[in-house]
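Here is the structure we will look at.
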């Protein structure tokens, strides 16, 4: 489906049969330019904004939204980010307290794959930093649960 969104406007632009034929200089190119402008808008403006909103929504649903404390990069190493240190590792991984080692491992892999900083690199530096913090918390929760 995504390929069709790109393929149809490009084929229309190069097709000799248009709504306004291309041999009308200026007027014949208007429909092609509108179509290519729409394609540009979809690819460079709409899709990145939609991906950013989707990521922000998923981040807020997990309780890390605007209500929580903000991360300060100038904190000392001795001071931890309080946002996750008080959270239960079972809640971070999204499993119940009686989960088996296999369920914990599967939940860890799923969340690690979702929040790995390399997976959200295309969304920008801000989201990469947020994903890095979340990924570290997921790793810490997994280590707490597997050490037992």
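The values are calculated or read from the model by the stated rules, or taken from the named source; none is laboratory data. In this text the structure is predicted, and so the values were computed from the model without any measurement. Neighbour counts are summed over all protein chains in view; Cβ atoms, including those assigned to glycine, are modelled from backbone coordinates with ideal geometry.
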Out of curiosity, is residue 38 at pLDDT below 75, surrounded by 11 or more Cβ atoms within 10 Å (Cβ to Cβ), in a helix (DSSP H, G or I) and assigned by TED's automatic domain parsing to the domain that holds residue 15? no
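Quick test for you: out of 88, 137, 121, pick the one residue that is farther than 26 Å from residue 49 by Cα and either loosely packed, with under 15 Cβ neighbours inside 10 Å or in the same structural domain as residue 46 (by TED's automatic domain parsing) (or both). If you could, list the steps in order and put the result at the bottom.
Details: 137 fails: either loosely packed, with under 15 Cβ neighbours inside 10 Å or in the same structural domain as residue 46 (by TED's automatic domain parsing) (or both); 121 fails: farther than 26 Å from residue 49 by Cα.
Step by step, each of 88, 137, 121 is checked, and only 88 is farther than 26 Å from residue 49 by Cα and either loosely packed, with under 15 Cβ neighbours inside 10 Å or in the same structural domain as residue 46 (by TED's automatic domain parsing) (or both).
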Can you confirm whether residue 110 is more than 18 Å from residue 90 (Cα to Cα), without any contact (Cβ under 8 Å) to a residue 24 or more places away in the chain, out of contact with any strand residue (DSSP E or B) (no Cβ under 7 Å at 6 or more places or on another chain) and not assigned by TED's automatic domain parsing to the domain that holds residue 44? no
Those helices (runs of 4 or more DSSP H) lying entirely in segment 44-135 with at least 1 residues at pLDDT below 85 and farther than 30 Å from residue 2 by Cβ: 82-85
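Would you check if there is a residue in segment 6-23 being within 26 Å of the chain's Cα centre (by Cα), assigned to a helix (DSSP H, G or I) and modelled with pLDDT under 75?
no
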